[in-house]
Structure formats: structure tokens, C-alpha cells
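The values are calculated or read from the model by the stated rules, or taken from the named source; none is laboratory data. The structure displayed is predicted, hence computed values, not measured ones. Note that we place each Cβ from the backbone using ideal geometry, even for glycine, and neighbour counts take in every protein chain shown. Note: areas computed on protein heavy atoms with side chains; ligands, DNA, RNA excluded. Shrake-Rupley method; radii C 1.70, N 1.55, O 1.52, S 1.80 Å.
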Amino acid sequence: MFRVLGLGLLVPNLSPEISREFAVATAAGDSLTATLALLAFVGLRRSWSAARSLTWACTLVGIAIC
């Protein structure tokens, strides 16, 4: 649930040789995955009907950005 590696790529001193486009795309993908994971976690805990769909969405987005 805590995907912070992508956000770290936005810090210029941590990764000066990585292109800006790659860093932004990775940070956006990691942020989306983390948001979906949080929603899935809460949804599963509260028995939301969409919780399984959120879990699958989180898994698929996470795999796609790897």
C-alpha cells in the first residue's frame, strides 16, 4: 500500500540521470496504485460491493507500471 519509490524519482538530487518524463510517469502510476490500494483496503474492511474490483484494479495497475 505504501508505494513511495516513484515519488522519490521526482527529487532531482536522488536520481539526476533519470529523464523527467520517466520520473513523472512512474510517480503518477505509483500514486494511482497507492490510492487504489488504500480504497481497496478500506472497501474490504467495510464490505463494500466494489472492494473486489478495486483490489483487482490496484493489482493490474501495479503490474502494468512495473
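With a 1.4 Å probe and every protein chain kept in, tell me what percent of the accessible surface of the chain is carbon plus sulfur.
On the way: 3340 of 4880 Å².
That share works out to 68 percent.
Compute the accessible area per residue over the chain, keeping the other protein chains in place, probe 1.4 Å, unit Å². Numbers along the way, then the final one.
Values: 4880 Å² over 66 residues.
Solvent-accessible surface per residue comes out at 74 Å².
If contacts are Cα pairs under 8 angstrom and at least 6 residues apart, what is the relative contact order of the chain in percent?
Details: 70 pairs, mean separation 20.8, N = 66.
Across the chain, relative contact order equals 32 percent.
Based on the Cα atoms of the chain, what semi-axes does the equivalent ellipsoid have, where each is the square root of 5 times one gyration tensor eigenvalue, given in whole Å with the largest first?
Details: eigenvalues 160, 22, 8 Å².
Square roots of five times the eigenvalues give 28, 11, 6 Å.
Using a Gaussian network model of the chain with C-alpha springs under 10 Å, which one of LEU32, LEU54, LEU14 is most mobile by mean-square fluctuation?
LEU14
Taking the 0 to 90 degree range and rounding to the nearest ten, how far is the long axis of helix 20-45 tilted relative to the main principal axis of the chain, both from C-alpha atoms?
Long axis of 20-45 versus the principal axis of the chain: about 20 degrees.
For the chain, set up a GNM with springs between Cα atoms under 10 Å and report which of ALA37, ALA23, ALA50 has the largest fluctuation.
ALA50
Work out the charge dipole of the chain with +1 on the Cβ of Lys and Arg and -1 on the Cβ of Asp and Glu about the Cα centre, then indicate which of LEU36, SER15, THR26 is farthest towards its positive end.
Checked the options; the winner is LEU36.
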